[in-house]
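The structure appears right after this line, and notes come after that.
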Amino acid sequence: MFNNDQLKELVKKAREATPKRNFAQSAELTLVLRDIDVKKGFSLNEIVVLPNPSKDGASLCMLATGDMGLRAKKAGVDQVMEPETLDRIGTNRREARKIVRSYDFFLADATLMSSVGRSLGQFLGPKGKMPTPVPYGAPIENIASRLRSSTRIRSKNQLNMSTKIGDESMTDEQLAANASAVIASVEKKLPQGDKNFKNAIIKFTMGKALKASTLGK
């Protein structure tokens, strides 16, 4: 397992290996696994609430109409898509793929889930981004706030996975804590827990990738 001091040192070295730019570069964590037979259909799709979310947070799209759509807008959801727009986009593969790429998380009025499946399911499903169904009366504000503070880490039939853990405006301690939260969440889903970890890699957008191996390996 990677301990906090090891992760903090990894973030520090990755930062030092990153040239300065006039924007806040993203920090990405990549986990490399071992001793898992991917031919047996290994897959993982975890949403992890970060202890130190970035200033902008994750981007959200809500598929809803009426009162639920209005509440989603008040909750600060980036885009609220009504059923008519949903149906139209579903017939335009290029636009559908663009929408799927544009948002980190999707929410949907629970009564629209079947419509979402028909129109965008073929685009959202392969990306592991099928919407979280929201029942009438559910606290959209709380759901949106939790997702804004979250990141998704996903792997399908491969031994490596990556996710954003923040940006360079955050401290080494904050980024290390976020990396640790992701690692702990993934560990719970692995067949042999932390024994399945091989490497942790941290990289800023324009910087070099720095790697740490599991302790004692």
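Below are the figures for this structure:
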| quantity | calculated |
| --- | --- |
| Restricting the stretch 96-140 to residues that are assigned to a strand (DSSP E or B) and under 17 Å from the mean Cα position of the chain (by Cα), the residue that is surrounded by the fewest Cβ atoms within 10 Å (Cβ to Cβ) | THR132 |
| Leading residue by the ranking (modelled with the highest pLDDT) among those in the stretch 55-107 that are over 22 Å from GLU28 (Cα atoms) and among the polar types (S, T, N, Q) | GLN79 |
| Matching residues in the stretch 156-174 - criterion: being closer than 10 Å to ASN52 by Cα and under 15 Å from the mean Cα position of the chain (by Cα) | ILE165, GLY166 |
| Top-ranked residue in the stretch 174-200 [being in contact with a strand residue (DSSP E or B) (Cβ under 6 Å, 6 or more places away or on another chain) and open to solvent by 40 Å² or more (accessible area, probe 1.4 Å); ranked as nearest to GLN25 (Cα to Cα)] | LYS198 |
| Positions within the stretch 158-173 being over 17 Å from GLU9 (Cβ atoms) and out of contact with any strand residue (DSSP E or B) (no Cβ under 7 Å at 6 or more places or on another chain), in sequence order | GLN158, SER169 |
| The lone exception for ASP167 - which of (1) out of contact with any helix residue (DSSP H, G or I) (no Cβ under 7 Å at 6 or more places or on another chain); (2) farther than 20 Å from VAL77 by Cα; (3) surrounded by fewer than 16 Cβ atoms within 10 Å (Cβ to Cβ) it fails | (3) |
| Elements of type helices (runs of 4 or more DSSP H) contained in the stretch 1-95, each with 3 or more residues being open to solvent by 60 Å² or more (accessible area, probe 1.4 Å), among the acidic types (Asp, Glu) and more than 19 Å from ARG152 (Cβ to Cβ) | 4-16 |
| Pairs, first in contact (Cβ under 8 Å) with a residue 24 or more places away in the chain and under 12 Å from ALA144 (Cβ atoms) in the stretch 71-86, second open to solvent by 80 Å² or more (accessible area, probe 1.4 Å) and part of a helix (DSSP H, G or I), C-beta under 8 Å, six or more apart | ARG71/GLU141; LYS74/GLU141; ALA75/GLU141 |
| Which numbered condition SER149 misses (of (1) surrounded by 15 or more Cβ atoms within 10 Å (Cβ to Cβ); (2) over 20 Å from the mean Cα position of the chain (by Cα); (3) hydroxyl-bearing (Ser, Thr, Tyr)) | (2) |
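The values are calculated or read from the model by the stated rules, or taken from the named source; none is laboratory data. Every value quoted in this text rests on a predicted model; they were computed, and no experiment measured them. For neighbour counting, all protein chains shown are included, and Cβ atoms are generated from backbone atoms with ideal geometry for every residue, glycine included. What goes into the accessible areas is simple: the full protein's heavy atoms, side chains included, and nothing from ligands, DNA or RNA. Shrake-Rupley method; radii C 1.70, N 1.55, O 1.52, S 1.80 Å.
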